[in-house]
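In what follows, a single structure is set out as structure tokens and then discussed.
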Amino acid sequence: MSEGVKGGFDMGLLDDVGTAYRRYAAGDCVFVTEDEGDCMYLVRSGLVEIVAYGTVLDRVGPGGMFGEIALIDGAPRTASAVVVEDCEVAPITREGFLTLVQRNPEFAIEVMRTLARRLRGMNEGL
């Protein structure tokens, strides 16, 4: 599990893909385990917890991302995303993801950093 809220993505890059933000209230689920992974999310404001089997795996705040694994591999969601504080998120479709990667390679590096951080956190928990 991570130690606190993670974030750092430059939300200004979303102008490249014309993303419309979605708002969620505390207690809402952005997605649940086994949902189709048709997009990933970038947090503009608020706080979202990533939960699997009753365990909080990560806490994602402004500038952070979640849902990228299912978007990348096309498999169903392996965890749920539960809103802890009212939030606004930007859904990024597969097409939008590819556009961001092509126009700004640093975006791909940020996604890889997020995946690496989560993998390290899981390994430390073993």
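The values are calculated or read from the model by the stated rules, or taken from the named source; none is laboratory data. None of these values were measured; they are calculated from a predicted model. Here Cβ is always computed from backbone atoms with ideal geometry, including for glycine, and neighbour counts include all displayed protein chains.
Quick rundown of the values:
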{"quantity": "Residues being among the polar types (S, T, N, Q) and either in contact with a Leu (Cβ under 7 Å, 6 or more places away or on another chain) or surrounded by 14 or more Cβ atoms within 10 Å (Cβ to Cβ) (or both) - total across the range 97-126", "calculated": "3"}
{"quantity": "Residue within the range 70-83 that is assigned to a loop (DSSP other than H, G, I, E, B), under 10 Å from the mean Cα position of the chain (by Cα), of a type outside the set (A, V, I, L, M) and buried (at least 17 other Cβ atoms within 10 Å of the Cβ) present", "calculated": "no"}
{"quantity": "Residue count for the range 53-69, restricted to those that are of a type outside the set (S, T, N, Q) and surrounded by fewer than 17 Cβ atoms within 10 Å (Cβ to Cβ)", "calculated": "3"}
{"quantity": "Which listed residue is at pLDDT below 90, among the hydrophobic types (A, V, I, L, M, F, W, C) and within 25 Å of V17 (Cα to Cα), from F107, F66", "calculated": "F107"}
{"quantity": "Test: residue in the range 21-43 that is at positive phi, assigned to a strand (DSSP E or B) and not aliphatic (A, V, I, L, M)", "calculated": "no"}
{"quantity": "Some residue of the range 41-52 being acidic (D, E), loosely packed, with under 14 Cβ neighbours inside 10 Å and without any contact (Cβ under 8 Å) to a residue 60 or more places away in the chain", "calculated": "no"}
{"quantity": "Among (1) more than 26 Å from R23 (Cβ to Cβ); (2) part of a helix (DSSP H, G or I), the one test that T114 misses", "calculated": "(1)"}
{"quantity": "Single match in V5, V56, V84, V101 (criterion: within 20 Å of R118 (Cβ to Cβ) and modelled with pLDDT of 95 or more)", "calculated": "V84"}
{"quantity": "G27 small (G, A, S) and either touching a residue at least 40 places away in the same chain (Cβ under 8 Å) or surrounded by 14 or more Cβ atoms within 10 Å (Cβ to Cβ) (or both)", "calculated": "yes"}
